[in-house]
Amino acid sequence: MAISFNHTIVAARNREESANYFTDVFGLAPAQEFGPFLAVTVEHGVSLDFAQAPDDQDIHPQHYAFLVDEADFDAIYDRIVRRGQRHWADPRGARPGEINHHDGGRGVYFQDPSGHYLEIITRPYGSGG
């Protein structure tokens, strides 16, 4: 049986702000309304479906990592830097303003408007290098 990832729901303080942030930083097509969600499509038809969290609900930050090619890394990283956004080379935030070079690639962590941790990497972890 072939199993592939299709979508996930991303809780947001403001679904429009979060979806727009994501499409802007990643250089993607605008989000599409789908019921109560704003769906952002990435490669292979996978979507992140941004949902408005109730005002009285805490958002528990999640981690979303994306494998990108070198050109996309450069473009995304440039948009992060131009925004003056905080970013780190490590998940603990001990290396601010840096990128990592794990497995011979590049990686960086940053947060979306709702506090979710986003990561872009050019090589899968454990791939050597």
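Structure summary
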| item | result |
| --- | --- |
| Cut-off 17 Å (backbone N to label point 7 Å along Cα→Cβ of residue 4), residues of the range 47-74 | 47-48, 67 |
| The chain - Rg (one decimal) and Dmax (whole number), Cα, Å | 15.0, 46 |
| Rounded tilt (10° steps) of 70-82 against the dominant C-alpha axis of the chain | 70 |
| Local net charge near residue 6, Cβ-Cβ under 15 Å (Lys/Arg +1, Asp/Glu -1) | -2 |
| Charge dipole (the chain, unit charges on Cβ, about Cα centre) - positive-most of 32, 6, 22 | 22 |
| Integer Hz, Karplus 6.51/-1.76/1.60 couplings in order for the range 15-27, x for Gly and Pro | 4, 5, 4, 5, 5, 5, 4, 4, 5, 5, 5, 8, x |
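Read-outs throughout are calculated quantities, based only on the coordinates presented, and are distinct from any laboratory measurement. Just so it is clear, the model here is predicted, and its values are computed rather than measured. Counting neighbours? That spans all protein chains shown, and the Cβs are built from the backbone with ideal geometry, glycine included.
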